[in-house]
Amino acid sequence: MFSITKVKRMLIVGLASGALLLSVGCGWKANEEQIRQMEETRSAALSAEQKLEDLKQQNQQKQEELAAKKKELEQVKAAKEAAKQRVDNWGN
C-alpha cells in the first residue's frame, strides 16, 4: 500500500499545486486604462515594424540605384578614355 512518507509527499505536492492554482487564478487583472495603454503600445510597435520594413525596402532600392549609377559612371569613364585615346592618336 502507501507508506506514510508517500502520503506526506502526495499531500504536500497536492497542497502546493492547489496553492499555485489559487494564486494564479486570483491574480492581477488589467483595468481599462492599462488595456488602452497596451493597445496603444502594440499599435506603435506594429507601426514601427512596418516603417522599418518600408525603410529596408527603400534602402534596397537606393542601393540598386547606386549600383546602376556606378556602372554608368564606369561606362562614361571608359568612353571618355577611349575618346581621349582617339584624339591623341588623331594628331599623330
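The table below lists the values:
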{"item": "Prolate/oblate/rounded call for segment 30-92, Cα gyration tensor, a/c under 1.5 rounded", "result": "prolate"}
{"item": "Student exercise, segment 40-92 dipole from Lys, Arg, Asp, Glu Cβ charges, in Debye to nearest 20", "result": "300"}
{"item": "Spatially proximal aspartates and glutamates relative to LYS71 (Cα-Cα < 19 Å; intrachain offsets below 8 disregarded)", "result": "GLU81"}
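No value in this document is a laboratory result; all are computed from the given coordinates. For clarity, every value in this text was computed on a predicted model and none was experimentally measured. Neighbour counts run over all protein chains shown; Cβ positions are idealised from the backbone, glycine included.
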